[in-house]
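One structure is given here, and the rest of the page talks about it.
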Amino acid sequence: MSDQTIRLCFLSQDSSLAALVGRALGEGFETRTSDELHGNRLNELREWCDVILIDLRTTNVQGDFEIGTRLMDAISKIPSHPPMVVLCDGENRSLLVGVMEHGAYDSVTNPPNMIELRLILRRAFKFHSAQKELDRFRADARGAGRLHELLGTSTAMQELFALAQKIAPCDVNVLVTGETGTGKELLARAIHQMSGRNTRPLVAFSCANLPETLIEDELFGHEKGAFTGALMSRRGRLEAADQGTLFLDEIGDLTLGLQPKLLRVLQERKFERLGSNATINVNLRLICATNRNLGEMVQQGRFREDLYYRMNVVQMTLPPLRDRRDDIPLLAHHFLQVSSQQFNKKVKRFSQPALHALEEYAWPGNVRELENAVQRAVVLSESQSVDVWHLPAAIRSNCDEPTFSRTSYEEEVRQFKRRLLLRTLRECGWRKAESARTLGVARGYLHRLINQLDINQREDESHNGNGNGVNGTNGSNGGAVREKFPAPKQLM
């Protein structure tokens, strides 16, 4: 018996059954009953009860269980909702499968066996308690492993977070390096949020694959009539970032013609719009990011050395995801939670093989690729768990499991029985009495299994010997096969 009282909410329109079940559960259970559930009652349940028991039989209308399943869907949307145990018709297999798909922890035949019901309710209570404890640990881990939108508990990320917290209040230029998809802009935003400029805007602009004239216009702005099509004056990104932070992504793509102009802004804090002689003063902090090696570009003459040192007062490098695999479960569960809420799904966890596949993959696209993979898996999942077959093929191929077929439990058992029966029949020369003794079953039961599993000797022989017998001889005379190749027991 559990030392802690389990608070049970029984949802049923049959008040007599609810009262009877409440009394029969006895010591260790505190039961409240309700015949309706809507609005604020959902939040009240979340705060009070440990387990919800739903009498699905009394929620249906002429066999239509839509009301009951809608009720389960509403409860499933509550964060950290109590587990649901459902009373339903045990002979309706499709209904049993359906309630599990709608978020039920378990089901019990109605009217319930009280011993079985008590055991299931206690098991559900223990599951809920363990889940809450796990959520608390995850929250603590996220608190220790979070820098605004960046997540990571690995040593490399913790050192990076500590450095960001040190340099953020100091108004120095920062160069963020790292592979594509590692979160360079997120780090820039975190530094901006921890700085004294956080009440002013952070203006982001990517220099990647844009012509020089367009980049110049985007950064410096223009006056009316400065060029064909300039029908009105326009502020550039430098003016928009005044008193705030300018984040220039892919700074390695900035052309040599524009680099001296950006250097002047950093040195003198002033510039002119295109088509104007009026000087505009600006006070901003510059954070640049690149996935290139700017040091090598300086040596090759493709990047100005003076600009490189001016903007590289503090350099921060984001490690690739493959070098911090300890962070993959944390990131994956975070993206799972976000995607489930975004797409209104009930997915709550990864299966162990799926999580193993995520941890073993090389992640050339880094955190961005992981986020996209988890989003895809959440969209494809129809249950509360993400399994291996929901992941992209590139990730599945890296897993140790040889196959990822989505066969049901019953089909797996059926195939296992069929393989076992076929192997035994072959070893016993298709003598059914001897096969039954070898398997330890009655001969009549063996005959029923052969019929149920659709086992045919001639079909098996044709598959194994191109029309010959199981041992390669003519299969037209089963007796001849046994005479030439007697079973092992007959040789003894």
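The values are calculated or read from the model by the stated rules, or taken from the named source; none is laboratory data. This one's a predicted model, so the numbers in the text were calculated from it and none came from an experiment. Glycine gets a Cβ as well: all are built from the backbone with ideal geometry, and neighbour counts include every protein chain shown.
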| Only one of L266, L321 is among the aliphatic types (A, V, I, L, M), under 23 Å from A188 (Cα atoms) and crowded, with 16+ Cβ neighbours inside 10 Å; which? | L321
| message | Looking for something closer than 20 Å to K126 by Cβ, modelled with pLDDT of 75 or more and surrounded by fewer than 15 Cβ atoms within 10 Å (Cβ to Cβ) - is there at least one such residue anywhere in region 52-71? | response | no
| message | On the basis of being modelled with pLDDT under 85, over 30 Å from E382 (Cβ atoms) and either within 43 Å of the chain's Cα centre (by Cα) or not assigned by TED's automatic domain parsing to the domain that holds V388 (or both), does L439 make the cut? | response | yes
| query | Do we find a residue being modelled with pLDDT of 90 or more and either closer than 30 Å to Q384 by Cβ or in the same structural domain as V313 (by TED's automatic domain parsing) (or both) anywhere in region 128-143? | reply | no
| Can you find even one residue in region 274-290 that is more than 37 Å from the chain's Cα centre (by Cα), at negative phi and assigned to a helix (DSSP H, G or I)? | no
| remark: Every listed condition ((1) modelled with pLDDT of 95 or more; (2) closer than 30 Å to A74 by Cα) holds for L286 save (2)
| query | Is region 38-46 home to any residue that is of a type in the set (A, V, I, L, M), surrounded by 12 or more Cβ atoms within 10 Å (Cβ to Cβ) and modelled with pLDDT of 80 or more? | reply | no
| Of L307, L330, which residue is in a helix (DSSP H, G or I) and assigned by TED's automatic domain parsing to the domain that holds A373? | L330
| Out of (1) modelled with pLDDT of 85 or more; (2) outside any loop (DSSP other than H, G, I, E, B), the odd one out for L446 is which? | (1)
| said: Which numbered condition in (1) at pLDDT 90 or above; (2) closer than 21 Å to L274 by Cβ is the only one that R197 fails? | reply: (2)
| task | Output yes when any residue across region 183-196 is in contact (Cβ under 8 Å) with a residue 60 or more places away in the chain, more than 30 Å from Q4 (Cβ to Cβ), surrounded by fewer than 19 Cβ atoms within 10 Å (Cβ to Cβ) and within 31 Å of the chain's Cα centre (by Cα), and no when none is. | result | yes
| message | I want to confirm something. Restricting to region 197-218 and keeping residues that are among the β-branched types (V, I, T) and buried (at least 17 other Cβ atoms within 10 Å of the Cβ), which single residue is nearest to the chain's Cα centre (by Cα)? | response | V203
| Mind checking which residues of region 219-241 are buried (at least 17 other Cβ atoms within 10 Å of the Cβ) and part of a loop (DSSP other than H, G, I, E, B)? | G221, E223, G236, A241
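Would you confirm whether or not region 170-178 contains a residue that is assigned to a helix (DSSP H, G or I), within 28 Å of the chain's Cα centre (by Cα) and not small (G, A, S)?
No - not one qualifying residue is present in region 170-178.
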| query | Is it fair to say A188 is outside any helix (DSSP H, G or I) and either modelled with pLDDT of 90 or more or on the phi < 0 side of the Ramachandran plot (or both)? | reply | no
| Does D106 satisfy the criteria of being outside the structural domain of C88 (by TED's automatic domain parsing) and either closer than 30 Å to L25 by Cα or modelled with pLDDT under 95 (or both)? | no
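Rundown of residues vs (1) closer than 30 Å to S233 by Cα; (2) in contact with a helix residue (DSSP H, G or I) (Cβ under 7 Å, 6 or more places away or on another chain); (3) not in a helix (DSSP H, G or I), yes/no style:
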| position | (1), (2), (3) |
| --- | --- |
| V108 | no, yes, yes |
| P111 | no, no, yes |
| E116 | no, no, no |
| L121 | no, no, no |
| K126 | no, no, no |
| A162 | no, no, no |
| Q165 | no, no, no |
| D217 | yes, no, no |
| task | Answer with yes or no whether R32 is assigned to a strand (DSSP E or B), under 20 Å from D106 (Cα atoms), modelled with pLDDT under 85 and among the charged types (D, E, K, R). | result | yes
| remark: Being at pLDDT 95 or above and either in the same structural domain as Q193 (by TED's automatic domain parsing) or among the hydrophobic types (A, V, I, L, M, F, W, C) (or both) narrows L248, L256, L231 down to just L248
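Being of a type in the set (A, V, I, L, M) and exposed (fewer than 14 other Cβ atoms within 10 Å of the Cβ) is the requirement here; does A162 meet it?
In short, yes.
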